[in-house]
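A short worksheet on the structure shown next.
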Amino acid sequence: MHKVTFKFENSEDVTVFAAFGESLLEVARKTNVAIDAPCGGNGACGKCKVKLMGGTLDSKKTSHISDEEYAAGWRLACISKIIDDVEVLVPDIASAYKSRMKMADLSSAEEVKIFEELKEQIAEVGIELKNNLEVIDVTMSAPTLDDTMPDNERFSWAVEEVTGMDKIRVPYSVIKKMAHVFRASDFHVKAVIRKTGKDVFVYDVLPASEEPVVAGIAIDIGTTSVSAIIIDMLNGAVLAKGSAGNGQIRYGADVINRIIESGKPGGREKLQDAIIKETLNPLILNMCASAKIKPAQVYRLAIGANTTMNHLLMGVDADPVRMEPYIPTFFKTNSLFASDIGLKVNPDAHIILAPNIGSYVGGDITAGAFVSMIWNKPEFSIFIDLGTNGEIVFGNSDFMMSCACSAGPAFEGGDISCGMRATDGAIEAIKLDKETLEPTYSVIGDPGTKPVGLCGSGIIDMIAELFRCGVINPKGQIIREGRRIRRDEFGMGSYIIAFEEEAGSVKDVELTEADIDSFIRAKGAIFSAIRTMLSYCDFDISMIENVYVAGGIGSGINMGNAIEIGMFPDIPVEMYHYLGNTSLAGAYAMLYSTEAERKVYEIAQNMTYIELSNVPTYMDEFVAACFVPHTDKSLFPSIQ
Amino acid sequence: MAFTAKSGKFSASINSVEVGCGDKKIVLGGENVLPFYTFDAPVENAPKVGVEITDSGLENEPECVKKYYEGCETVADMAKRAASFEGVDFLSFRMDGGDPNGANKSTEELIAMLKEIVAAVDLPLVVCGCKHAEKDAELLAKAAEAVDGKNALILAAKEENYKQVGAAAGLAYKQVVGAESAVDINLAKQLNVLLTQLGVDGKSIVMNVGSAAAGYGFEYAVSTMDRVKAAALAQGDVTLQMPIITPVASEAWGVKEAMASEADMPEWGDQEERGIDMEVETAAAVLASGSDAVILKHPVSIKTISTMIKELM
């Protein structure tokens, strides 16, 4: 056995013992040390770079590591074998995907604005902002030797009185605490109930003197990241907001790799644990602490997630999603409760899943389409969700079409050597000086935060600026030289945004030709999907009045830049609207408003799904779009 | 009422690109109709036929081709002989031996050979690389220098080396630049855009949009040519109006129909006849799909295709 010590830039060392010949990446995974390996660990992506500080590793040099880097101790974790006691430094960028769970500061108006605006919009379209959770006062006469009715019957009878319903369901969790609560409060209690047309379900009983909190949680489970809010179910106020990386990421960066991993023995359990035990439960616990409520006071959850994510969340076999003819286990399910999958909230809490409409268009999109409100407008709009899978919805109040394209994880920083989620240390906007090529950028985080990597919006800016300054040609190859341009021994060029001394990590922040190529493919996938879908419906881009863009790629996208690199169609920037995380916003709407929940089901039923792989011209459109801005320049008349 | 045929000529046309100099120079392209649609509008420049020799001399040639070069000692001798075959419009010299994964001949050795050929013949020249992008970057740049003043076609710049090859051939020595892409209309177009952005005149680019022997994924090659011509003529896409040259010999003579001996495949009949058939069929098909020039190897194929072109014009 050999001793392996993982060192970090900003946290304590982790020490573990490993057998001779074990892969360093495997050891890290077993120890829950986060090292990003989007390619699944076969030396292809070069993201799992770690620095050897002591001892020896059996590790080959690859094209991802230059001679100087190798000499300085940089190794790829996935192809390194343990042959000795070692100490390795895991740089921030390699563990950035897990990047410390983050609680949002709700004192800033920005964080809650989207939900407040959404509430207004929902009210405007005439949807009632109300759910069926409520708190009732229940007063019972205390039992005596003459009045010997047991607590449960006594309580049910009293609830019947208050609600006028004759079917009262009292779960085990309430029965268990009843005797104590009733006697402590002199049989005068408050009850948290759900009242439907058929029955009343009692979630909780509390002494009448206490002011109960009726909380709900809305969650967006993305392939790469997860974000959530806790709300007060009675008035819709946001109580806490948090985000984290999806713990499943170590099993692959995209849905296909996850499904493959889940098919291995014990795989489904591993992936379910990664999302529930490692990601959601800690996130919920942190949010509850920050909102000062008990997890048991969370009585309902709503989740927006893509088809694969909600299958893996439920521990359902996701393989049929991947295999022809691509049939998921469910589009919609309403029989899922927190205790079924081990979520640490009230065990009887109902989980609302935004409905799927295809193998690759999931609940995140139906929830998002609701938020975009395109279903309520007579003019034609496009809704685009930029995630690991790019999804597009097109239509108006009469019809809606949807499709998905595989954009890869580039928008969320995956597949990009210095890419990261839009969190502290991420460059989210950048400009270059045309002469000197010196950059000016803004970094997410407190003032003075040093850059660690680039998030999606930063990469869009970067590529647009490099193109504008003539640093890259339309194929994304670097054609200028300068202080910030470097070429490795294999001739691959890169632009250095921040040298090691300017950066907040132990590495330069740079964008390589390979990164640019990955991103051009991602933007090409989005653009060609839009073109293919419109031409499939015999529509033209000039008929579009609004484009709604969603996704957690940064606090905002520079739409002009996105058009300039050929990611979005060349229509006036005023027609573009950035909506932020619509999957979360949609989940919020479903959680808070029962009528909105019904509306989302209705939207899902009325949406037609187009499988792009069945459209013969798609591949052609894709190749044509893998060029900056596009092979057919006439599509971008405004760009010189 | 009498039937009046409507002319199918387009308002756009393929660029006319001169290759070579002096009396023997040829013009590729120029047409504003579909291939051989002379009934729609006259086609000024008939498609051209080239003969291919390589730096390995007779060593790698099929037996049936060797006999036509009997008595040739050097590659320059072969070039002279090839130039005399009936129907030959230009000479193509392929420097296969430069491939680092093959014979890995030095650039100097190959360029010296090229210079001998330049001195030996006055036909327009097409200079082909070794298909290894990195080596070609150096080899074709030197070749462009070696044929200075000859207005040769340098075949070809690819996405990986277009800067070096394009700059040397197109900018420094004003040769005609070949642009090679892999059977995809968009990739063909992208390379033309990159070359013109580099400063190469679009009117001195000739495309090789990819090729295959008939029956070997050939439909991809044909459909790419069809679509390139449709975009160039019907949609007036200036970035695709470059003439197309298609190397046929290197594809057709490498497939089993041409290589299997009669002893191995008695039921297939005479080997030489089969090889010629493959070459002729492939060439005829790519010409019908829009190629403005083909490169062949066997004197009989060259004569047959050249006759076919004459008959159809």
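The values are calculated or read from the model by the stated rules, or taken from the named source; none is laboratory data. On a predicted model such as this, the values are computed, not experimentally measured, just so you know. A quick note on method: Cβ atoms are made from the backbone with ideal geometry, for glycine too, and the neighbour counts reach across all protein chains shown. Protein only, heavy atoms only, side chains kept; ligands, DNA and RNA dropped before computing areas. Shrake-Rupley method; radii C 1.70, N 1.55, O 1.52, S 1.80 Å.
Per-structure values
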read-out: Cβ pairs under 6 Å, 6+ apart, first in segment B:110-128 and within 19 Å of B:Ser84 (Cα to Cα) and in contact (Cβ under 8 Å) with a residue 40 or more places away in the chain, second in a helix (DSSP H, G or I) and open to solvent by less than 30 Å² (accessible area, probe 1.4 Å); value: B:Glu116/B:Ala76; B:Ile117/B:Ala76; B:Ile117/B:Ala79; B:Ala120/B:Ala76; B:Ala120/B:Ala79; B:Val121/B:Ala79
read-out: Hits in segment B:144-158 - residues which are without any contact (Cβ under 8 Å) to a residue 40 or more places away in the chain, more than 18 Å from the chain's Cα centre (by Cα) and not in a helix (DSSP H, G or I); value: B:Asp148
read-out: Condition check for A:Ala550: among the hydrophobic types (A, V, I, L, M, F, W, C), under 16 Å from the mean Cα position of the chain (by Cα), open to solvent by less than 10 Å² (accessible area, probe 1.4 Å) and closer than 13 Å to A:Ser372 by Cβ; value: yes
read-out: Hits in segment A:473-485 (condition: more than 11 Å from every other protein chain (Cβ to nearest Cβ) and surrounded by fewer than 18 Cβ atoms within 10 Å (Cβ to Cβ)); value: A:Arg480, A:Glu481, A:Gly482, A:Arg483, A:Ile485
read-out: Matching residues, segment A:27-59, being closer than 13 Å to A:Thr5 by Cβ and crowded, with 17+ Cβ neighbours inside 10 Å; value: A:Val27, A:Ala28, A:Val33, A:Val50, A:Lys51, A:Leu52, A:Leu57
read-out: Residue match in segment B:92-104 (condition: aromatic (Phe, Trp, Tyr), buried (at least 18 other Cβ atoms within 10 Å of the Cβ) and either assigned to a loop (DSSP other than H, G, I, E, B) or in contact with a strand residue (DSSP E or B) (Cβ under 8 Å, 6 or more places away or on another chain) (or both)); value: yes
read-out: Residue that is hydrophobic (A, V, I, L, M, F, W, C), modelled with pLDDT of 95 or more, part of a loop (DSSP other than H, G, I, E, B) and crowded, with 16+ Cβ neighbours inside 10 Å, where the choices are A:Leu343, A:Leu312, A:Leu301; value: A:Leu343
read-out: Every residue from segment A:63-76 that is at pLDDT below 85 and either surrounded by 14 or more Cβ atoms within 10 Å (Cβ to Cβ) or not polar (S, T, N, Q) (or both); value: A:His64, A:Ile65, A:Ser66, A:Asp67, A:Glu68, A:Glu69
read-out: Identity of the residue in segment A:354-369, among the aliphatic types (A, V, I, L, M) and more than 15 Å from the chain's Cα centre (by Cα), that ends up surrounded by the most Cβ atoms within 10 Å (Cβ to Cβ); value: A:Ala369
read-out: Residue list for segment B:192-206, filter: within 11 Å of chain A (Cβ to nearest Cβ) and open to solvent by less than 10 Å² (accessible area, probe 1.4 Å); value: B:Asn192, B:Leu194, B:Leu195
read-out: Among residues of segment A:1-39, those that are at pLDDT 80 or above, assigned to a loop (DSSP other than H, G, I, E, B) and among the aliphatic types (A, V, I, L, M), counted; value: 2
read-out: Every residue from segment B:142-171 that is crowded, with 21+ Cβ neighbours inside 10 Å and among the hydrophobic types (A, V, I, L, M, F, W, C); value: B:Ala143, B:Ala144, B:Val147, B:Ala152, B:Leu153, B:Ile154, B:Leu155, B:Ala156, B:Ala157, B:Val165, B:Ala168, B:Ala169
read-out: Restricting segment A:596-640 to residues that are within 14 Å of another protein chain (Cβ to nearest Cβ), among the hydroxyl-bearing types (Ser, Thr, Tyr) and over 29 Å from the mean Cα position of the chain (by Cα), the residue that is nearest to B:Leu191 (Cα to Cα); value: A:Thr631
read-out: Meets criteria (outside any loop (DSSP other than H, G, I, E, B) and surrounded by fewer than 20 Cβ atoms within 10 Å (Cβ to Cβ)) for B:Lys131; value: no
read-out: Segment B:250-301, subset over 23 Å from B:Leu312 (Cα atoms), outside any loop (DSSP other than H, G, I, E, B) and acidic (Asp, Glu), residue most open to solvent (accessible area, probe 1.4 Å); value: B:Glu267
read-out: Single condition B:Asn151 does not satisfy, out of (1) at negative phi; (2) more than 14 Å from chain A (Cβ to nearest Cβ); (3) in contact with an Asp or Glu (Cβ under 9 Å, 6 or more places away or on another chain); value: (1)
read-out: Qualifying residue in segment A:193-210 (condition: in contact with a strand residue (DSSP E or B) (Cβ under 6 Å, 6 or more places away or on another chain) and open to solvent by 70 Å² or more (accessible area, probe 1.4 Å)); value: no
read-out: Strands (runs of 3 or more DSSP E) completely within segment A:179-261 that count 1 or more residues being in contact (Cβ under 8 Å) with a residue 12 or more places away in the chain and either at positive phi or within 17 Å of the chain's Cα centre (by Cα) (or both); value: A:215-221, A:225-232, A:238-245
read-out: Qualifying positions in segment A:327-340 - in contact (Cβ under 8 Å) with a residue 24 or more places away in the chain and assigned to a loop (DSSP other than H, G, I, E, B); value: A:Ile327, A:Pro328, A:Phe330, A:Phe331, A:Lys332
read-out: Residue match in segment A:524-533 (condition: over 30 Å from B:Leu191 (Cβ atoms), of a type outside the set (Gly, Ala, Ser) and touching a residue at least 40 places away in the same chain (Cβ under 8 Å)); value: no
read-out: Residue match in segment A:500-520 (condition: among the small types (Gly, Ala, Ser), touching a helix residue (DSSP H, G or I) at 6+ places or on another chain (Cβ under 6 Å) and either without any contact (Cβ under 8 Å) to a residue 60 or more places away in the chain or open to solvent by less than 20 Å² (accessible area, probe 1.4 Å) (or both)); value: no
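Each row is one residue, and each column tells you yes or no for (1) modelled with pLDDT under 95; (2) farther than 18 Å from B:Val33 by Cβ.
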residue: B:Gln197; (1), (2): yes, yes
residue: B:Met207; (1), (2): no, yes
residue: B:Gln235; (1), (2): yes, no
residue: B:Leu240; (1), (2): no, no
residue: B:Pro243; (1), (2): no, no
residue: B:Gly254; (1), (2): yes, yes
residue: B:Ala260; (1), (2): yes, yes
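Residue-by-condition table, conditions (1) over 23 Å from B:Pro47 (Cα atoms); (2) more than 14 Å from every other protein chain (Cβ to nearest Cβ):
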| residue | (1), (2) |
| --- | --- |
| B:Ser181 | no, no |
| B:Asn186 | yes, no |
| B:Lys189 | no, no |
| B:Asn208 | no, yes |
| B:Val222 | no, yes |
| B:Arg227 | no, no |
| B:Leu233 | no, yes |
| B:Thr239 | no, no |
| B:Met242 | no, yes |
